[in-house]
Amino acid sequence: MYCRQPPRIGLFLCILFLCLAGRGVAGPMHAEENRLLLPVYRLLAVHAPKIGVSGLLFPPDRPLQVTLNNLKPGSENWVGIFPAGAASAVGNEVGWAWTGNIRAGTITVPLYNDIPNGQYEARLFYDNSLEMETKCSFMLWRSTRLDRPVYADDGGLPELTGDWYGALGELQVERLTTPSPWPGYAADSEMNVDLYIPAGLTTSRPTVFFISGYGNYHSEKYYSLLYFIASQGFNCVFIPHRYTEPDTNPDILLRILDGVTDRFSLLIDTARVGYAGHSEGGGLIYYLARERPAWGTKGRFLFSLAAWWGFHLPTTGTVDYPANTNLLVQVNRDDPGTDPRQNIDFLLHNNIPAERKSYLYLPGDAAHTADHDVSYSEVLATGYGFDALEQVGLYRPLESLMRYSFEGDTTWKSIGLPDQGDTNYDTLYTVNGITVLSTDDPLGNSHIPIPQESALDSRFLCSKDGNPRWRMCMPCRDSPRDQAWSQCQ
């Protein structure tokens, strides 16, 4: 990966003008000038220097390999490593090396000790000067290489591997940790933001922002799910939050989103983004996606897991999203803490067309309890675990959303967003022994239960006045589901 030289526009235009002027004038003297000027232009084009590194992310405690090409000969040419934005001045560098009078090749640049995490630039200088010829950007950041999650299924079902949709990817995964960009969290290590990324990044990647559930501050709680996203070649940013602060102060999560994308701008492709969340986070992603319409112009989705109430949305009516938004709402049978009616509201009352959204219901079975904790990683003696219910009920539809939204691969669409005529549309279907249901019409599908309010946790009822959208509950309180819906009063 090479970076371009800053253009010397004045000199280039001057030479180009003289070359063209020489062509337009007859006579042997001007023809001779042409023959003299053209090689000069070619010489400049050939000798535009280039500098590059082999990726975007490197540990700050090892020498850096820098590749050079088209250098002007000189025994005092050198490369310096500087923090991004720092002046090219003695004392600002964090490492440097002579180029060894080479015209092209790779040199080793030793780095100083105790370099802070951050974005840096490799800069090329000629003749022992401080006038930069060209540069290339990358990150120096301490990372942790992560172990693959362990598959363990109580029902004895085999793991889906290889080309199966929902199989863990083959890419190795590493984790970066950074203090929260929200000032109130910045000094609290418990509120650090974690990035799960595919190892060896050479370009920015589509990114999924995962908003944690209530009180779940550590990414290990969702380790297997976050690892799965990164193993497929996408970034996942895990964002914790304290109690219900984002419910009353939306700036917290928005500031964290903006701060993280700025801090890791080389790694995060904001043109292709997904918003995923569990429980409280599953309700909060709806306003986050609405508040950042400029992100996701080349692909965007929402993946809501067992969501709680949605804050910072209109109290009634539809919610508007950009036209390319895809949505998957996931609900579990044995989850009294999540009222399915609020998830039906999230699915139906927006401008997203039916072919771009679906309601995913997990009934579970005797060996796979479909409760509120399906997305959590089990802690095993050998590491963090996952089972067939997670793989079929979460990973398969999530990979469908990522592949379809980020890569435009329509072959993936029917897995998570089936249309009429697809075998898994509006019906219970089984994959690897796990039954799921996908539908655009959760009110009209009798396989999806809507419990009486007395069977649900009274603290989190959709009809509770603490829910900003309680009037949008469908059906309203305990009214029959086949009754024409009307707004609760």
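Of note:
- Computed over neighbours whose Cβ is under 15 Å from that of residue 419, the net charge equals -2, Lys and Arg +1, Asp and Glu -1.
- For the chain, the 222 nm mean residue ellipticity estimated from helices alone, with every DSSP H stretch of n ≥ 4 adding -39500 (n - 2.57) and the total spread over all residues, rounds to -6000 deg cm²/dmol.
- When each of 130, 68, 348, 398 is scored by the number of other beta-carbon atoms lying within 10 Å, the sequence from fewest to most is 130, 348, 68, 398.
- Evaluating 6.51 cos²θ - 1.76 cosθ + 1.60 at θ = phi - 60° for every residue in the stretch 378-390, the Karplus couplings come out as 6, 8, 10, 5, 9, x, 7, x, 8, 10, 5, 5, 5 Hz, glycine and proline recorded as x.
- Candidate aspartates and glutamates - alpha carbon under 13 Å from residue 357, same-chain residues fewer than 8 apart omitted: 345, 419, 426, 440, 441
- In plain terms, the residue of 402, 191 with the fewest other Cβ atoms within 10 Å comes first and the most crowded comes last, giving 191, 402.
- Residues whose placed amide H lies under 5 Å from that of residue 95, excluding near-sequence neighbours: 81, 112
- Each residue of the stretch 484-489 is assigned a 3J(HN,Hα), and the resulting list reads 4, 6, 9, 4, 4, 10 Hz, derived from the Karplus form 6.51 cos²θ - 1.76 cosθ + 1.60 (θ = phi - 60°), x at Gly and Pro.
- Couplings for the stretch 79-84, taken from phi via the Karplus curve 6.51 cos²θ - 1.76 cosθ + 1.60 with θ = phi - 60°, read 10, x, 9, 10, x, 4 Hz in order; Gly and Pro are left as x.
- Entry note, the chain: relative contact order of 11 percent, from Cα contacts under 8 Å with a spacing of 6+ residues.
- Relative to the longest principal axis of the Cα atoms of the chain, the long axis of helix 9-23 makes an angle of roughly 60 degrees.
- When only the Cβ of Lys, Arg, Asp and Glu is charged (+1, +1, -1, -1), the dipole of the stretch 50-140 relative to its Cα centre reaches about 300 debye.
- Near the amide H of residue 150, within less than 5 Å, lie the amide hydrogens of 384, 385, 386, all on another chain or at least 5 residues away, with H placed in the peptide plane.
- From least to most packed, judged by other beta carbons within 10 angstrom and beginning with the fewest, 341, 272 follow the order 272, 341.
- Structure-derived mean projected area of the Cα convex hull in nm² - corresponding label in [x] 28.0; [y] 29.8; [z] 21.5: [y]
- Rounded to 10°, Cα long-axis angle of helix 396-407 versus longest principal axis of the chain: 40
Bear in mind these aren't lab numbers, they're just calculated from the coordinates by the rules spelled out. Note that this is a predicted model, so its numbers are computed, not measured. Every residue, glycine as well, gets a Cβ built from its backbone with ideal geometry; the counts of neighbours run over all protein chains shown.
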